[in-house]
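Peer 1: Submitted below is the structure of interest, expressed as structure tokens.
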Amino acid sequence: MPETIPTSSTRASLTRLSKSQFIAELVLALVLTRLPFVNVPFVWLETFFHELSHGIATILTGGMVSYIELFPNGAGVCHSQGGWVVAIGFAGYFGASLWGYLLFNLATWARGIRLSFALLSGLVLVSILFWARDLLTMAIMGTLAILFVLPLKLSHSRVLTSVLRIVALMVLLNSLSSPTVLLGMGDRGDAAMLANATLIPAWIWVMAWLAISVTLLYRCWKRVVAGTSAA
């Protein structure tokens, strides 16, 4: 059969569809992050990435992670010793944004959906093994692990791919809104810790995290635009 060459109107339709789908998923992600109870697992996920990033930065800068605690309200703590306090303090919100961006990229790659869920479930299981000490943290991490293991047999599902993109966008949106809470926490939180360590005001650190989240969200949009243009 002769190859069908898309017309300009067809290409425009495909571009509009892809862009509109991204916008629809972004709006849905925004709504879900604001729904009580429904948003809880996704808040846990963002917190897990936040504390995991603290832990990775600690190890990379010569420190040691004792354990990670997660709480039902979405809070978390990474207990550690040693390491470079600036890298550790900055890594939490930065890492959460980066994980969200990585997930989105995997969800727009044909073979990335299975890899992404395998990676997520592996990260959670390793964290349970090495860094979870209390039953509540184990239960929260275990819930996340189950959510990530279940879709592995549905790796070719378009719906699942869309769900992963929405989850990634929710992580990015949560990492965009979470640092703003630090502005009202006085001498508590990562921004205050960084301000004490560097003499750079806490609000500058908050603005840096916000700028990173916005930039990565914009890069997600550009990835969609580039993909539809190539099509």
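The values are calculated or read from the model by the stated rules, or taken from the named source; none is laboratory data. Small disclaimer: the values here were computed from a predicted structure and weren't measured. Areas reflect the complete protein model, heavy atoms only, side chains present, ligands, DNA and RNA absent. Shrake-Rupley method; radii C 1.70, N 1.55, O 1.52, S 1.80 Å.
Peer 1: On the principal axes of its Cα set, how long, how wide and how thick is the chain? Give whole Å, largest value first.
Peer 2: Taking the Cα atoms of the chain, the three principal extents are 66, 38, 35 Å.
Peer 1: Moving on to the next point. Long-range amide H contacts for Thr61: which residues qualify at under 5 Å (H placed 1.01 Å from N, peptide plane, sequence gap of 5 or more or a different chain)?
Peer 2: Correct list: Trp84.
Peer 1: How far is helix 112-131 tilted, in degrees, relative to the longest principal axis of the Cα atoms in the chain, given as a value from 0 to 90 rounded to the nearest 10?
Peer 2: Value to nearest ten degrees: 10.
Peer 1: Could you state the angle between the C-alpha long axis of helix 8-34 and the longest principal axis of the C-alpha atoms of the chain, as a value from 0 to 90 degrees rounded to the nearest 10?
Peer 2: Its long axis makes an angle of about 30 degrees.
Peer 1: Out of the total accessible area of the chain (probe 1.4 Å, heavy atoms of protein only), what percent is carbon and sulfur?
Peer 2: 70 percent
Peer 1: Which of rounded, prolate or oblate describes the stretch 21-66 when judged by the alpha-carbon gyration tensor and an a/c cut-off of 1.5?
Peer 2: Details: a/c = 6.59, a/b = 2.39, b/c = 2.76.
Cα axes put the stretch 21-66 in the oblate bin.
Peer 1: Right, something else. If amide H atoms are built 1.01 Å from N in the plane of the peptide, which residues on other chains or at least 5 residues away come under 5 Å of the amide H of Tyr67?
Peer 2: Counting only residues 5 or more places away or on other chains, the set is His79.
Peer 1: For the chain, what is the accessible area per residue in Å², given a 1.4 Å probe and the full set of protein chains?
Peer 2: On a per-residue basis, 53 Å².
Peer 1: Once you keep just the Cα pairs under 8 angstrom separated by 6 or more residues, what percentage relative contact order results for the chain?
Peer 2: Reported relative contact order: 25 percent.
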